[in-house]
Amino acid sequence: VDIQKSSISATVLSEQDLKDKSVTGLNALQYAAPSVTIDQNGGANVFNIRGIGRERVDVEIPSGVVIYRDGVPTLTGFFQNEPYYDMVGIEVLRGPQGTVAGKSASGGAVFIRTHNPDLESVNGFVQAGVGNHGLFETTGAINVPLGDTFAVRVAYNHFQRDSWYNLTGPYTGDPDKKDLDSARVSFLWQPNDDLQIVWKNDFSYLDFGGDVASSYQTPLFDVHQDAPFYNMDKSWRSVLDVKYTFDDGTTFRSLSGVQSVFTRFAGDLNGSIVSPTFWFRAQGNFHFYSQEFSLVSP
């Protein structure tokens with residue numbers, strides 16, 4: 001759809017836009033797209049567009065905003081902290097969606113698109129950075145054509161950082177210490193101009209350490225904690241995108257998705273040296289399956 005010729009209210013961020021605006025994850029998206037607000041709540045996100053989305057953090061409550069990764073809908077509100085790397089772009093559509101493709105969404109939709117393999121040449125990139133608090137990050141990708149009809153692309157992202165806090169108390173774990181790894185392996189088979197098959201597989205092991213809870217009784221970065229801490233998402237996603245174009249220009253598309261996530265979270269709720277102490281923990285194993293067929297005329 002040509003945004004300039006449609007009635008859709010949208011923000012489209014190209015790969016260069018994402019770099020220029022430092023949009024490396026979901027929380028940063030709200031600073032680059034109007035009408036978007038995102039609040040982090042432990043392992044969950046409260047995502048609203050124009051004030052519509054969700055109010056409570058509960059895996060059983062649907063959201064008015066649907067997030068798609070390479071066309072496949074994900075569970076909005078949870079497991080959305082995968083980093084953005086090797087990206088083509090992001091589209092934020094405001095207002096009710098789902099008429100042409102995807103799930104119904106009263107508030108809006110976000111389409112996150114990553115690079116497909118290509119048949120043109122061997123190419124790739126590597127980037128790295130360091131900072132204080134033990135920060136180290138690196139990301140890269142390589143594209144390799146294997147003949148005239150088949151290509152493979154592999155991308156990887158790593159981020160690590162020590163805690164910003166001076167913590168005291170009988171806590172356990174590594175609060176606020178980050179160790180994030182994500183990888184993507186993609187395959188392209190295009191035997192002719194009419195048929196294209198792309199198969200993408202994402203893997204993530206995201207250890208956020210745990211969210212530190214501060215209290216009005218203590219300085220901002222000198223915090224007492226008395227709970228076990230962990231905050232980890234382990235996930236994989238497989239997306240199969242098949243497109244076939246008929247002689248009259250009509251395109252048939254099949255989009256299949258399988259996703260699995262294991263998450264566990266525990267942390268201090270009040271960050272106080274005053275009794276009683278309050279802490280919370282939860283974990284779950286979730287599986288998602290989706291299938292969409294579309295037939296689009298020229």
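The values are calculated or read from the model by the stated rules, or taken from the named source; none is laboratory data. Everything numeric here is computed off the predicted structure, so don't read it as measured data. Glycine also receives a Cβ, built like all others from the backbone with ideal geometry; neighbour counts cover every protein chain displayed. All accessible areas refer to the heavy atoms of the entire protein, side chains included, with ligands and DNA or RNA removed. Shrake-Rupley method; radii C 1.70, N 1.55, O 1.52, S 1.80 Å.
From the list V198, V258, V223, the one residue that fits, being surrounded by 15 or more Cβ atoms within 10 Å (Cβ to Cβ), over 29 Å from Y165 (Cα atoms) and more than 17 Å from the chain's Cα centre (by Cα), is V198. The set of residues from the range 232-250 being polar (S, T, N, Q) and under 28 Å from the mean Cα position of the chain (by Cα) comprises S235, S238. You will find that of V144, V88, the residue that is assigned to a strand (DSSP E or B), out of contact with any Pro (no Cβ under 6 Å at 6 or more places or on another chain) and touching a residue at least 60 places away in the same chain (Cβ under 8 Å) is V88 and no other. Against the test of being within 30 Å of Q127 (Cα to Cα), open to solvent by 60 Å² or more (accessible area, probe 1.4 Å), at pLDDT 80 or above and outside any loop (DSSP other than H, G, I, E, B), the options T37, T24 yield a single qualifying residue, T37. Check whether at least one residue in the range 153-160 is part of a loop (DSSP other than H, G, I, E, B), of a type in the set (K, R) and within 21 Å of the chain's Cα centre (by Cα), and report yes or no. Checked against the condition, which is being part of a loop (DSSP other than H, G, I, E, B), of a type in the set (K, R) and within 21 Å of the chain's Cα centre (by Cα), the range 153-160 yields no hits at all.
Within the range 122-140, the set of residues being polar (S, T, N, Q) and either open to solvent by 50 Å² or more (accessible area, probe 1.4 Å) or at positive phi (or both) comprises N123, Q127, N132. Within the range 161-174, residues that are over 17 Å from D207 (Cβ atoms) and of a type in the set (G, A, S) have Cβ atoms under 8 Å from residues that are open to solvent by 40 Å² or more (accessible area, probe 1.4 Å) and in a loop (DSSP other than H, G, I, E, B) in these pairs: G169/I273, counting only partners at least 6 apart in sequence or on another chain. For the subset of the range 275-292 comprising residues that are open to solvent by less than 70 Å² (accessible area, probe 1.4 Å) and of a type outside the set (F, W, Y), which member is farthest from Y68 (Cα to Cα)? Checking each candidate, the answer is T277. All of N143, N157 fail the test of being open to solvent by less than 30 Å² (accessible area, probe 1.4 Å), under 15 Å from V198 (Cα atoms) and modelled with pLDDT of 95 or more, apart from N143.
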